[in-house]
Every structure is written in C-alpha cells, then in structure tokens.
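The values are calculated or read from the model by the stated rules, or taken from the named source; none is laboratory data. Bear in mind that the values here come from a model prediction, so they are computed numbers and not experimental data. Positions of Cβ are generated from backbone atoms using ideal geometry, with glycine treated the same way; all protein chains shown enter the neighbour counts. Surface accessibility is based on the protein's heavy atoms, side chains included, excluding ligands, DNA and RNA. Shrake-Rupley method; radii C 1.70, N 1.55, O 1.52, S 1.80 Å.
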Amino acid sequence: ARGESITDLLSRPFPNTLLLGGMALLVTLVVSVALGCWAALRPGSAVDRAVSATATGVLALPEFVVAVALVLVLSLWTGWLPAVTLAGADGTPASWNMMVLPVLALAIPQIGWNIRIVRAALADEADAPHVETAVIDGLPRYRVLTHHLLPGA
C-alpha cells in the first residue's frame, strides 16, 4: 500500500520484538521452574495448593485482562512504572522500566501454564526408583532436585 517491501517493514521492529519476547521467555522460564520446583518438593502442603491454585487462576485470565490490571495497579494506582512505552530515536524503549509492563503482560499467563507443567513433570519423576533411592540415602533435598528430579523431568 505504501510502496515499501515487506522485508523492510518487518525488519525494523524485529529487534524490539525479539528483545521483548526474549525477556518474557526468560522471566517465564525462571519463575515457572522456581515455583514449580517449590510446589513439587512439598506435595500436598499449603505451598503446593497455593501455587497450584494461583497458577490455575492466572492461566484462566486472558492476556488483555492481565495487561489492563498491570497498568491499573502498577502505573495508575501506585505510579511505579510508566503506563506507556516511549521509543527513542533508534526505535528502542527510552528507558528499561518501560519494558517491565509489556514483559509481565506476556509472561504472567505463560507462567501459570508452565508452573503446572513443571509441577506435573517433577511429580511424575519423583516416583522413579532412582529418586526414591536418593531420598532413602539421605541426600539433601536440593541435591535430589538438581541431580535426580530436574534432569529426568
């Protein structure tokens, strides 16, 4: 419509899209594995039930509801973060804190899903004979997690 090639139109915003997606993926990965492990190491406890219920609740929320709630709470009510992302001359965000809300809006719904996946995979792996042997041998909980549960899960 404008006489520009599709490659030119898509190549300019691609680095910013890659940055945003990569940061959201990193946050999702770290939080999901941490909370999934925390819940899996205490099966049936209050922590496990709270993490699982919260993950299910977050998973049920549409992304646009999460984004609006984040803007409402973190920008309008508290004033901690800017509500919009302003771009500099090169097209990148003018400040690092302008990336926080978009990253959280992308990551939070995925965190709910991935916590459930990590928790289920670790629960399945916990029934393996080598894991039971490691627990019976008296290995510390973190060693069982890092050397026996996570590689198999």
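The figures follow:
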quantity	calculated
Residues located in the range 111-141, provided they are modelled with pLDDT of 90 or more, open to solvent by 40 Å² or more (accessible area, probe 1.4 Å) and under 15 Å from Ala40 (Cβ atoms)	Asn114, Arg116, Ile117, Arg119, Ala120
Single residue of Ala46, Ala105, Ala87 found to be closer than 25 Å to Thr17 by Cβ and open to solvent by 30 Å² or more (accessible area, probe 1.4 Å)	Ala87
The one condition in (1) at pLDDT 85 or above; (2) open to solvent by less than 50 Å² (accessible area, probe 1.4 Å) that Ala34 fails to fulfil	(2)
Restricting the range 1-31 to residues that are more than 10 Å from the chain's Cα centre (by Cα) and within 30 Å of Ala153 (Cα to Cα), the residue that is modelled with the highest pLDDT	Gly22
Pairs where the first residue, in the range 1-21, is closer than 30 Å to Leu104 by Cβ and the second is open to solvent by 100 Å² or more (accessible area, probe 1.4 Å), C-beta under 9 Å, 6+ apart	Leu9/Arg2
Qualifying residue in the range 67-76 (condition: under 16 Å from the mean Cα position of the chain (by Cα) and in contact (Cβ under 8 Å) with a residue 24 or more places away in the chain)	yes
Residues located in the range 1-31, provided they are open to solvent by 100 Å² or more (accessible area, probe 1.4 Å) and closer than 17 Å to Pro93 by Cβ	Arg12, Phe14, Leu18, Leu26
